[in-house]
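The values are calculated or read from the model by the stated rules, or taken from the named source; none is laboratory data. This is a predicted model, so every value here is computed, not measured. Positions of Cβ are backbone-derived with ideal geometry, glycine not excepted, and every protein chain shown enters the neighbour counts. Just so you know, the surface numbers come from the protein's heavy atoms only, side chains and all, with ligands and any DNA or RNA stripped out. Shrake-Rupley method; radii C 1.70, N 1.55, O 1.52, S 1.80 Å.
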Amino acid sequence: MMRRLRVGIVAPGSRLEPSAAQRVIELAAEHHPEVELTVHPQCHLSCGHFAGDDAARIEAFLEIANDASFDAVWFGRGGYGSCRVADAALPKLNEPARRKTYLGYSDVGILLAGLYAQGFQGVAHGPMPADITRDGGDAAIARSLAYLGRRAADTLEPSIMSSDKVVAFNMIILSQLIGTPLQPDLTGHVLMLEEVSEYMYRIDRTLFHITSNPAIRRVAGIRLGRCSAIPPNEPDFGQTEVEITRHWCRASGIPYLGRADIGHDAANKIVPFGAPPAA
């Protein structure tokens, strides 16, 4: 009998609603029996903005990550709070933690960056259980389950196969990482960036900050994902997100490589950090 892949779900930031978690469990049981999901009870705690206090979120992450019986950590939701977990949790990860897959995006990019900076090989950007509540959310969840369970090629962002090394981040999250110990060395990587619910002027300012960093200027190029739910600016900013990205790429000498199929939506594709998987 084939061994099922054990995946632990934790929420290092905001709370994962129990109803969303249950829908994900049911979808996995029906369509992806090769994946066994365990939702850590911490996911459903509530402490102000967070899924439990900092200590509870750190403990839950370490409990799953350091348990050799689990194959993967699937972050339940972004929101906010990963930065309050990273410094305390990452130094306590053990050898079994290094062998795991870690999947998520948005605020969880804080942890993904820190893991990648420490040499973890199984880090990936991709949909989280909370995405099941989006329009088309079932497809997003199925994509992550197919990646976790069998590394399905059709789950991957299409351009990664033509790149030597890749990473993907939310713009604001990467900008906040710069200059901290969590900033990974992205020399030679294609850097994919996406954003949601930020004014166009904030996208402009964030890209100025990102592309001005000397270490970031060593990337192979930037691909722009979707920038969605941009609030209207008064007066109109006068440039699109593509025009803004092209501007800062020209100013910094970083090649602009076009668009990436990632974003805060159900179409968000998987981007494994580092070298793309063998075809």
Reduced to Cα centres, the span from the stretch 149-176 to the stretch 189-207 in Å works out to 16
Once normalised by the length of the stretch 1-152, the mean sequence separation of its alpha carbon contacts under 8 Å that are 6 or more apart gives a contact order in percent of 27
Taking a crude spin-label model, label points 7 Å out from Cα along the C-beta direction, the residue 251 to residue 178 distance in nm is 1.0
Which of 11, 88, 266 fluctuates most in a GNM of the chain (C-alpha springs under 10 Å)? That residue is 88
Of 42, 121, 22, the most mobile residue in a GNM of the chain (C-alpha springs, cutoff 10 Å) is 22
To the nearest 20 debye, the stretch 144-279 has a Cα-centred charge dipole, built from +1 on Lys and Arg Cβ and -1 on Asp and Glu Cβ, of 460
Charge dipole of the stretch 49-88 built from unit charges on the beta carbon (Lys, Arg +1; Asp, Glu -1), centred at mean Cα; most positive-end Cα among 88, 76, 49 is 49
For the chain, the per residue accessible area (1.4 Å probe, Å²) is 42
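Please get the size of the charge dipole for the chain, origin at its Cα centre, with Cβ charges of +1 on Lys and Arg and -1 on Asp and Glu, quoted in debye to the nearest 20. Could the numbers behind the result be given before it?
Working: 27 positive and 31 negative charges, 149 e Å.
Charge dipole of the chain: 720 debye, to the nearest 20.
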Residue separation between residue 234 and residue 154 times 0.36 nm, minus their alpha-carbon distance, gives in nm 24.7 nm
Along the dipole axis of the stretch 125-192 (charges at Cβ: +1 for Lys and Arg, -1 for Asp and Glu; origin at the Cα centre), the most positive-end residue among 139, 126, 149 is 149
Those trypsin sites (Lys or Arg not before Pro) from the stretch 1-64 that are DSSP loop and have at most 13 other Cβ neighbours within 10 Å turn out to be 3
Expected field for residue 14, accessible surface area in Å² at 1.4 Å probe radius, rounded to 10, holds 10
